[in-house]
Amino acid sequence: MRYVCILLTVLTTVLAPLASTRAQDAEERGLEIATAADRRDSGWRFQSSDMEMILRNRAGRESRRKISTRQLEMTGDGDKTLSLFHEPRDVGGTAMLTFSHGLKPDDQWLYLPALKRIKRISSRNRSGPFMGSEFAFEDLSSQELDKYRYRFLRKEACGSLQCYVIQRVPQYKNSGYTRQIVWLDQKEYRTMRIEYYDRKDVLLKTLTFVDYAEYQGNFWRADRMEMINHQTGKSTILLWHNYDFETPLNSGDFNKSALKVALFKLLTISSTMLSRIPTGRA
């Protein structure tokens with residue numbers, strides 16, 4: 001028995017540092033892949049797009065919404081995003097302004113036309129659903145590197161592509177997730193799939209990205225994104241159209257004090273584009 005104890009002690013002494021080293025290597029590799037993906041999608045400066053949101057309940061019944069978005073890439077901080085609902089009439093004119101950050105809580109405001117006022121969204125509510133969809137408020141902020149701790153898991157096929165699979169754990173407060181598993185294609189570092197695990201570490205949702213197109217020879221955007229809630233049976237599909245990387249935007253278009261003015265401009269600019277948003281098939 002004495003020799004067994006000595007052997008176990010020796011094995012523990014030798015193997016523990018190896019396990020620690022492997023874990024550290026996996027974390028470094030995960031961060032390296034996430035950094036490469038972030039770098040690949042940097043430099044677009046500003047973009048506008050239109051989107052159709054399709055909400056499906058467990059029975060398969062659908063409701064549709066049309067939305068216009070603007071984004072401004074920021075240096076040294078998270079991106080700024082302005083989203084405006086056009087249809088249906090009961091949500092028309094509703095808008096959300098988001099200033100994304102790293103570990104600091106994101107700043108988000110919701111403009112409610114029925115009340116004619118701007119409501120600040122508490123960081124404690126960031127895990128709540130956005131406008132009845134399967135996307136949470138935190139899903140819609142830019143995915144800054146500092147928001148997560150990363151770990152490389154494996155390489156595997158994802159459809160016809162080969163993907164890196166990494167785990168990211170939210171480091172910001174009040175997240176609705178314990179962890180997320182992300183599939184990135186090895187060639188272009190495009191996100192192909194994300195699994196979201198709830199606070200009990202049970203699979204909650206899966207987001208898939210398909211029909212990617214390349215813009216300006218550098219930037220890849222998915223034309224279709226689908227979020228499936230495995231616990232409720234509901235899903236939300238986003239169909240993207242009319243990507244525009246040419247129309248200049250600046251911080252003044254995303255200023256909270258000028259939110260209503262910015263919304264008016266966005267509505268005016270997007271009124272002609274809205275008619276070009278096709279009613280997509282799910």
Cα extents of the stretch 72-160 per principal axis, largest first, Å, are 49, 33, 25
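Cα-Cα over 27 Å: which of 187/234; 104/205; 66/173? Please report the intermediate quantities before stating the final value.
Values: 187/234 32 Å; 104/205 25 Å; 66/173 31 Å.
187/234; 66/173, as the Cα separations exceed 27 Å there.
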Taking every other residue with Cβ under 10 Å from the Cβ of residue 194 and scoring Lys and Arg +1, Asp and Glu -1, one gets +1
Stretched fully, the stretch from residue 77 through residue 216 gains (0.36 nm per residue minus C-alpha distance, one decimal, in nm) 47.7 nm
With residue 212 itself left out, Lys, Arg at +1 and Asp, Glu at -1 over residues whose Cβ is under 11 Å from its Cβ give -2
Expected unfolding gain across residue 23-residue 161 under the 0.36 nm per residue rule, minus the alpha-carbon gap, is 47.0 nm
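Every number in this text was worked out from the coordinates using simple rules, so none of it is lab data. Predicted, not measured: the structure shown is a model, and the values here were computed from it. Quick reminder, even Gly has a Cβ in these numbers, built from the backbone with ideal geometry, and neighbours come from all protein chains shown.
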